[in-house]
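Encoded as structure tokens, the structure appears first; notes follow it.
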Amino acid sequence: MGRKSTKENKNIYQISREEAGLTRDEAAKLMDFVSSDRIEKIESEKSAPHPEEILAMANAYKKPSLCNHYCSHDCPIGREYVPEIKTKDLAQIVLEMLASLNSVEKEKDRLIEITSDGAIQEDEYKDFALIQDKLEKISLTADALQLWVREKIAEGNIDQMKLDSYKRLNDT
């Protein structure tokens with residue numbers, strides 16, 4: 001059994017590994033191609049992680065949110081285009097989604113007015129910006145729900161095959 005880290009400023013990768021109850025050696029065995037030395041370099045920030053290493057960590061630590069963290073914080077393209085998704089409980093996600101949907105429902109007719117001519121007129125920018133913000137909130141809430149589902153699948157609380165089979169039924 002490895003020593004317990006007493007380092008105060010742990011990064012998310014080390015915290016996630018420790019929350020999974022894994023030593024670096026145990027984690028390396030689960031990830032096959034990532035050595036314990038490489039894990040130490042990533043955790044001590046001596047070396048930046050590669051995307052495939054993050055995927056392996058997310059699977060080994062049963063923490064899909066590591067992928068979003070990497071994309072929204074460490075990847076140069078992701079920092080520009082991928083929003084950080086906060087982990088929330090299901091009730092909070094559902095309430096936020098319903099509030100956002102209700103809010104946009106009220107703006108639906110205005111959005112049609114603004115966009116029907118294929119251009120945004122000077123007097124429409126304010127309303128369009130407001131609607132765009134509301135749509136962004138819906139998107140973030142949908143992403144939070146997807147992340148919640150991935151985490152529950154990783155934890156073994158949702159059956160991936162059963163969920164996929166119902167999704168396929170809905171697609172037909």
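The values are calculated or read from the model by the stated rules, or taken from the named source; none is laboratory data. Here the structure is a predicted model, which is why all the values come from computation and not from measurement. Quick reminder, even Gly has a Cβ in these numbers, built from the backbone with ideal geometry, and neighbours come from all protein chains shown. Please note that ligands, DNA and RNA were not included when accessible areas were found on the heavy atoms of the full protein model with its side chains. Shrake-Rupley method; radii C 1.70, N 1.55, O 1.52, S 1.80 Å.
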The one condition in (1) within 30 Å of Ser16 (Cβ to Cβ); (2) at pLDDT below 95 that Ser72 fails to fulfil: (2)
Matching residues, the range 18-47, being touching a Gly at 6+ places or on another chain (Cβ under 7 Å) and either surrounded by fewer than 16 Cβ atoms within 10 Å (Cβ to Cβ) or not in a helix (DSSP H, G or I) (or both): Thr23, Asp25
Filtered residues of the range 114-135 (kept if open to solvent by 50 Å² or more (accessible area, probe 1.4 Å) and part of a helix (DSSP H, G or I)): Thr115, Glu122, Asp123, Tyr125, Lys126, Asp127, Phe128, Leu130, Gln132, Asp133, Leu135
Residue within the range 136-147 that is assigned to a loop (DSSP other than H, G, I, E, B), among the aliphatic types (A, V, I, L, M) and closer than 30 Å to Lys63 by Cβ present: no
Selection status of Asn102, farther than 30 Å from Asn59 by Cβ, surrounded by fewer than 14 Cβ atoms within 10 Å (Cβ to Cβ) and of a type in the set (S, T, N, Q): yes
Pairs where the first residue, in the range 159-172, is in a helix (DSSP H, G or I) and the second is open to solvent by less than 100 Å² (accessible area, probe 1.4 Å), C-beta under 7 Å, 6+ apart: Gln160/Ile153
Selection within the range 141-167 - at positive phi and modelled with pLDDT of 95 or more: none
Neighbours by Cβ (under 6 Å, 6+ apart or cross-chain): first from the range 21-44, closer than 14 Å to Ala58 by Cβ; second modelled with pLDDT of 95 or more and part of a loop (DSSP other than H, G, I, E, B): Ile42/Pro49
Search result, residues across the range 124-147 that are more than 16 Å from Leu90 (Cα to Cα) and among the acidic types (Asp, Glu): Glu124, Asp127, Asp133, Glu136
